[in-house]
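Colleague: Structure incoming, see below.
The values are calculated or read from the model by the stated rules, or taken from the named source; none is laboratory data. Given the structure is predicted, the values throughout are model-derived calculations rather than measurements. Every residue, glycine among them, receives a Cβ derived from its backbone with ideal geometry; neighbour counts consider all protein chains shown. All accessible areas refer to the heavy atoms of the entire protein, side chains included, with ligands and DNA or RNA removed. Shrake-Rupley method; radii C 1.70, N 1.55, O 1.52, S 1.80 Å.
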Amino acid sequence: MLAKVTSKNQLTLPKAVASRFPGVEHFDITTDGESITLRPLRQSRADEVRAHLKRLGITEQDVKDAVAWARRST
């Protein structure tokens with residue numbers, strides 16, 4: 001398969017490649033100077049967890065208190 005670099009220095013992935021990563025919008029890119037490696041990045045669920053904790057009324061101080069309590073219990 002071939003991928004072309006556009007005049008705006010963008011690389012277009014062939015549909016056959018992109019279709020193997022449904023829902024992936026970002027890739028981590030590395031190079032060794034001779035080749036380029038793309039690794040799909042899955043969206044972090046950290047924001048979802050923070051929103052859920054907020055809905056439950058759990059504050060940052062609650063978490064700190066729970067960690068301190070757990071560390072005393074061991």
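Colleague: Pull up the range 33-74, narrow it to residues that are of a type outside the set (Ser, Thr, Tyr) and under 18 Å from Ala3 (Cβ atoms), then point me to the one that is nearest to the chain's Cα centre (by Cα).
Modeller: Ranking the qualifying residues of the range 33-74, first place goes to Pro40.
Colleague: Follow-up question, since we're still on this one. Considering the range 1-60 alone, what residues qualify as being aromatic (Phe, Trp, Tyr) and out of contact with any strand residue (DSSP E or B) (no Cβ under 9 Å at 6 or more places or on another chain)? Explain how you work it out, then say what you get.
Modeller: Of the range 1-60, the ones aromatic (Phe, Trp, Tyr) are 21, 27.
Listed by number, the list is empty, since nothing qualifies.
Colleague: Being at pLDDT 95 or above, surrounded by fewer than 10 Cβ atoms within 10 Å (Cβ to Cβ) and not in a helix (DSSP H, G or I) is the filter here; which residues of the range 36-59 pass it?
Modeller: Gly57
Colleague: Right, another one. I'm checking my understanding of the structure. Among residues of the range 20-33 that are of a type in the set (D, E, K, R) and closer than 21 Å to Gln10 by Cβ, which one is modelled with the highest pLDDT? Before you say what the answer is, go through the steps one by one.
Modeller: Step one: of the range 20-33, the residues of a type in the set (D, E, K, R) are 20, 25, 28, 32.
In the following step, the residues that additionally are closer than 21 Å to Gln10 by Cβ were identified as 20, 25, 28.
Details: Arg20: 94, Glu25: 85, Asp28: 91.
For the range 20-33, the residue satisfying everything is Arg20.
Colleague: For residues that are not hydrophobic (A, V, I, L, M, F, W, C) and not in a loop (DSSP other than H, G, I, E, B), scanning just the range 1-27, find the one that is least open to solvent (accessible area, probe 1.4 Å). Spell out how you get there, then give the answer.
Modeller: We begin by selecting, within the range 1-27, every residue not hydrophobic (A, V, I, L, M, F, W, C); these are 4, 6-10, 12, 14-15, 19-20, 22-23, 25-26.
Still in the running and not in a loop (DSSP other than H, G, I, E, B): 15, 26.
On the way: Lys15: 175, His26: 118 Å².
Applying the filter and picking the extreme gives His26.
Colleague: Using beta carbons and a limit of 6 Å, which pairs, at least six apart or on different chains, have the first residue in the range 41-70 and under 30 Å from His26 (Cα atoms) and of a type in the set (A, V, I, L, M, F, W, C) and the second one open to solvent by less than 100 Å² (accessible area, probe 1.4 Å) and not in a loop (DSSP other than H, G, I, E, B)?
Modeller: Hits for this filter: Leu41/Asp28.
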